[in-house]
Amino acid sequence: MRLKGKVAVVTGAAMGIGKGIAKVFAQEGARVALVDINEEEGLKTTEEINNMGGEAYFVNADVANEEEVKSMVQAVISRFGLVHVLVNNAGIGVYKSVLETSSEEWDRCLGVNLKGVFLCSKYLIPYIKMAGGGAIINIASVHAVATVARTAPYAASKGGVLALTRNMAIDYAKDNIRVNAICPGWVYTPLIESIFRASGNPEGMRKRITQRQLLGRLGTPEDIGYAALYLASDEAAFVTGTALFVDGGLTAVLEEW
């Protein structure tokens with residue numbers, strides 16, 4: 001029960017990594033607000049957490065929309081009264097080169113992946129301060145530091161998340177708010193599953209990707225959940241302004257011989 005008595009807000013929590021984080025937090029005693037635009041899946045995840053003995057509350061909000069973020073924060077505060085932990089996880093993938101990317105696609109990717117971190121932090125930090133401090137965990141990506149072809153909007157957004165993480169850590173350390181990032185590698189989520197399906201040979205692509213992993217498997221949402229649990233807990237009391245790579249060793253490999 002490492003988060004007993006804490007209130008956590010997890011964005012993009014309906015499925016995938018966000019769901020894994022929310023479930024781990026609830027298992028460790030946190031009351032969790034799940035934020036997502038996918039109401040159907042969000043309510044399913046909320047019910048799943050409540051049925052396992054946790055306490056979860058769903059709020060439908062687009063993190064790229066300032067007014068919806070404001071409304072989400074007020075809903076969370078009305079329900080729980082305060083917030084100790086914010087996990088900025090909501091994100092979308094736009095995997096195209098600069099020339100292939102439309103302005104609308106660029107704006108949406110940066111809006112959700114980067115502006116969403118800004119907006120949720122902007123409107124929740126005052127309540128984390130009122131609670132006496134806490135933790136913000138931003139879900140970045142290995143693409144923030146090393147990337148591949150035709151991922152321009154996504155890589156740019158995640159690089160921005162890392163820079164924003166460092167800056168927020170500096171600005172709010174005096175308020176006892178620790179700000180860190182997690183950089184996942186290949187984690188099997190609905191997003192990754194859609195990438196596999198788009199290849200035309202889902203099982204073949206999954207097998208090839210899995211064989212390239214040092215640990216011989218893809219990550220799970222719970223793998224990221226336990227990393228977030230550490231950063232949210234008092235065990236990480238001296239950790240701020242850094243990035244934790246939970247990538248199965250992906251960024252350790254220079255090249256294959």
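The values are calculated or read from the model by the stated rules, or taken from the named source; none is laboratory data. Just so we're clear, the structure is a prediction, and the values are computed from it rather than from any experiment. Cβ atoms come from the backbone with ideal geometry, glycine included; neighbour counts cover every protein chain shown.
Number of residues in region 72-81 that are over 20 Å from the mean Cα position of the chain (by Cα) and either at pLDDT below 95 or surrounded by 15 or more Cβ atoms within 10 Å (Cβ to Cβ) (or both) equals 3. In a residue-by-residue description of region 75-94, the property of being farther than 22 Å from LEU3 by Cα and in a helix (DSSP H, G or I) applies to no position. Restricting region 223-257 to residues that are charged (D, E, K, R) and at pLDDT 95 or above leaves a set whose member that is nearest to ALA140 (Cα to Cα) is ASP247. Here the helices (runs of 4 or more DSSP H) wholly within region 130-221 that include at least 3 residues being more than 17 Å from the chain's Cα centre (by Cα) and modelled with pLDDT of 95 or more are 152-172, 202-211.
I need the full set of residues from region 47-71 which are part of a helix (DSSP H, G or I) and under 17 Å from the mean Cα position of the chain (by Cα), in order please.
Taking region 47-71 and keeping what is part of a helix (DSSP H, G or I), we get 47-51, 66-71.
Across region 47-71, the qualifying residue is only VAL69.
Taking the criterion of being within 24 Å of the chain's Cα centre (by Cα), outside any helix (DSSP H, G or I) and farther than 12 Å from ALA156 by Cα, the only residue of region 95-107 that qualifies is THR101. When ALA30, ALA56, ALA22 are checked against the criterion of being farther than 25 Å from GLU193 by Cβ, in contact (Cβ under 8 Å) with a residue 24 or more places away in the chain and crowded, with 23+ Cβ neighbours inside 10 Å, ALA30 stands alone in meeting it.
Restricting attention to region 130-143, does a residue exist that is surrounded by fewer than 19 Cβ atoms within 10 Å (Cβ to Cβ) and among the β-branched types (Val, Ile, Thr)?
Of the residues in region 130-143, the ones surrounded by fewer than 19 Cβ atoms within 10 Å (Cβ to Cβ) are 130-133.
With among the β-branched types (Val, Ile, Thr) added as a condition, the list becomes none.
Among the residues of region 130-143, not one is surrounded by fewer than 19 Cβ atoms within 10 Å (Cβ to Cβ) and among the β-branched types (Val, Ile, Thr), which makes the answer no.
The selection criterion, being surrounded by fewer than 24 Cβ atoms within 10 Å (Cβ to Cβ), among the aliphatic types (A, V, I, L, M), more than 15 Å from VAL117 (Cα to Cα) and more than 18 Å from the chain's Cα centre (by Cα), does not hold for MET15.
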